[in-house]
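Heads up: the structure comes next, in structure tokens.
No value in this document is a laboratory result; all are computed from the given coordinates. None of these values were measured; they are calculated from a predicted model. Every residue, glycine as well, gets a Cβ built from its backbone with ideal geometry; the counts of neighbours run over all protein chains shown.
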Amino acid sequence: MNVSLRTPIASDFVAIASWIPDAAAGLRWAGPRLPFPFAASDLSVLLAVPGGGEASYSLIDDSSKPCGFGQHWVLRPGAVHLGRIIVAPDARGCGLGRVLCQQLISAALHATSETAVTLRAYRDNTVAVRLYSTLGFIEVAEESTDDVLFMKMLANNSFHGAAFGSP
Ligand SMILES: CC(C)(COP(=O)(O)OP(=O)(O)OC[C@H]1O[C@@H](n2cnc3c(N)ncnc32)[C@H](O)[C@@H]1OP(=O)(O)O)[C@@H](O)C(=O)NCCC(=O)NCCS
């Protein structure tokens, strides 16, 4: 399946909202600021990052159906931060999460010219932690907590340029 990133359209948020079945899933995906339940039409506003500057992307398949979502923003100069990464529940475990992250990293580095990428994941989110580790993210212990891992990856050439395309 060929997938690519695009700027989300309104119907994407309807699909993405349907991937969040309960408060626990919302917390794991988007952190404590996302209320549950929420209206799909409010999602783009609810996913805004304090201070602004976030870029949002839908991952779409060959038929323009959304199958993933993610964002990047600069948390502090020196690194671009990824967040709100999700794959449609019925498409998980097939490699889309890896492709989504690769395309998101490429887009984030291209958009910001930063040289490192960071993200957070709940320690008990074993699928996400394993995915990020195998992509090259390493725990930053001083910025992690008992519950949440803060992870960082230094950009290498494979994530620059057109290796994974740009949205
Ligand atoms: C985390 C998430 C994006 C991964 O997406 P995915 O499409 O299922 O992931 P992939 O199929 O690309 O798998 C990537 C890696 O994750 C790990 N993984 C996938 N499924 C796994 C499972 N059931 N058990 C353990 N590890 C698993 C593997 O390391 C896998 O790589 P490999 O198959 O090459 O070994 C997806 O599970 C998801 O949307 N979760 C809900 C939202 C969420 O928790 N987001 C993360 C916020 S930090």
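Quick notes on this structure:
- Listed residues PHE150, PHE38, PHE13, most fluctuating in the chain (Gaussian network, C-alpha, under 10 Å): PHE38
- Counted residue by residue at 0.36 nm each, then reduced by the alpha carbon distance between them, the extension gain from ARG98 to ALA25 reaches 24.3 nm.
- Counting Lys and Arg as +1 and Asp and Glu as -1 over every other residue whose Cβ lies under 10 Å from the Cβ of ALA79, the net charge comes to +1.
- Calculated Rg and Dmax of the chain using C-alpha coordinates, Å: 14.8, 43
- For the chain, a simple Cβ point-charge model (Lys and Arg +1, Asp and Glu -1, everything else neutral) yields a dipole of about 180 debye relative to the Cα centre.
- The chain: DSSP helices with Cα axial extent of at least 15 Å and average Kyte-Doolittle hydropathy no lower than 0.5: 96-112
- Using bins of 10 Å that start at zero, the share of Cα-Cα pairs per bin across the range 62-124 amounts to 21, 48, 26, 5, in whole %.
- Normalised by the number of residues in the range 4-159, the average gap of Cα pairs under 8 Å and 6 or more apart makes the relative contact order 18 percent.
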